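Quick one: the structure is below, and I'll ask about it shortly.
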Amino acid sequence: MRLFDINYNSSIFVEPTAPESVFLAVQDLRRDLCRISGQQDGFELVSSDCSAGIIIRTVPGDVPEAYTVRINEQHVLITGSDALGTVFGIYAFSNRCLGVLPTHRFIDIFPQPRQSMLLSHESFSSAPRPVRFRGWFVNDEDLLSEMKDS
């Protein structure tokens with residue numbers, strides 16, 4: 001699939017009812033695509049998925065936080081089982097196919113700009129999450145040190 005070249009930019013379709021978190025991840029994807037292509041603008045959001053090069057959808061599934069990315073000749077299809085799965089799929093595509101490191105903002109390492117980018121047929125999915133619930137502690141304290149047996 002031709003993602004971009006000097007005379008062409010793929011458009012991006014996101015369902016209008018998608019949560020704000022998906023739209024924020026799409027903005028990051030657009031920024032990554034613009035940085036790689038060396039263009040200031042482009043990769044616009046469209047209202048119809050028939051003309052889009054990158055289609056992003058949330059399709060409810062049995063496995064929470066799961067995603068699938070399929071690349072064929074016409075488009076890239078990123079689907080998630082819920083909002084978080086869709087966000088994970090967008091960032092997985094950016095990492096695996098575009099070469100954008102997840103920590104690029106912290107380490108200032110960006111992919112080299114290219115004149116064009118062709119993607120080959122590929123399909124990949126998320127692995128099952130080993131931990132369902134996550135959390136963090138304030139000030140990185142687990143507060144277990146004060147617990148003692150009587």
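Could you tell me whether region 55-130 comes out rounded, prolate or oblate from its Cα gyration tensor? Rule is a ≥ b ≥ c as square roots of the eigenvalues, rounded for a/c under 1.5, then prolate if a/b exceeds b/c, otherwise oblate.
oblate
Stokes-Einstein at 37 °C, 0.692 mPa s, Kirkwood radius from Cα pairs: D for region 1-46 in µm² s⁻¹?
After rounding, the answer is 293 µm²/s.
Could you give the size of the charge dipole of the chain about its Cα centre, using +1 on the Cβ of each K and R and -1 on the Cβ of each D and E, expressed in debye and rounded to the nearest 20?
For the chain, the charge dipole is close to 440 debye.
Report for region 24-109 the percent antiparallel among DSSP-assigned beta bridges with both residues inside it, nearest 5.
50
Ok, one more. Just the accessible area per residue of the chain, please: how many Å² with a 1.4 Å probe?
65
For a Förster distance of 22 Å, can you work out the FRET efficiency between the beta-carbons of Val131 and Asn72, rounded to the nearest 0.05?
E(calc), rounded to 0.05, equals 0.10.
Once the piece of chain linking Asp62 and Asn7 is laid out straight, how much longer is it, given 0.36 nm per residue of separation minus the C-alpha distance between them?
Taking Asp62 through Asn7 to full extension adds about 15.7 nm, to one decimal.
On to the next question. Across the chain, how large is the tail of the calculated P(r) beyond 24 Å, expressed as a percent of all Cα pairs?
38
For Cα pairs less than 8 Å apart in space and 6+ apart in sequence, what is the mean separation divided by the residue count of the chain, i.e. the relative contact order in percent?
Reported relative contact order: 27 percent.
Given labels modelled 7 Å from the Cα in the Cβ direction, how far is it in nm from Thr17 to Arg35?
3.3
Moving on to the next point. Please list 3J(HN,Hα) in residue order for region 22-38, calculated via the Karplus relation 6.51 cos²θ - 1.76 cosθ + 1.60 where θ = phi - 60°; whole Hz, with x for glycine and proline.
Here the 3J(HN,Hα) series is 5, 5, 5, 5, 5, 4, 5, 5, 4, 4, 4, 5, 5, 5, 6, 7, x Hz.
Out of the total accessible area of the chain (probe 1.4 Å, heavy atoms of protein only), what percent is carbon and sulfur?
Ligands and nucleic acids excluded, carbon and sulfur reach 53 percent.
Here is a follow-up. Once R0 is set to 25 Å, what does the formula 1/(1 + (r/R0)^6) return for the Cβ-Cβ distance between Gln27 and Ser47, expressed as a FRET efficiency to the nearest 0.05?
0.90
At 222 nm, what helix-only mean residue ellipticity would the chain give, in deg cm²/dmol to the nearest 500, using -39500 (n - 2.57) for each DSSP H run of four or more?
Computed mean residue ellipticity for the chain: -7500 deg cm²/dmol.
If you don't mind, another one. May I ask you to evaluate 6.51 cos²θ - 1.76 cosθ + 1.60, the Karplus curve with θ = phi - 60°, for each residue of region 10-16 and list the ³J(HN,Hα) values in order in whole Hz, giving x for glycine and proline?
Per-residue couplings from phi come out as 5, 9, 10, 10, 10, 4, x Hz.
Counting DSSP beta bridges in the chain, what percent are antiparallel, to the nearest 5?
55
The values are calculated or read from the model by the stated rules, or taken from the named source; none is laboratory data. Since the structure is predicted, the reported quantities are computational estimates derived from the model, not experimental observations. Every residue, glycine as well, gets a Cβ built from its backbone with ideal geometry; the counts of neighbours run over all protein chains shown. With ligands, DNA and RNA removed, areas are computed over all heavy atoms of the protein, side chains included. Shrake-Rupley method; radii C 1.70, N 1.55, O 1.52, S 1.80 Å.
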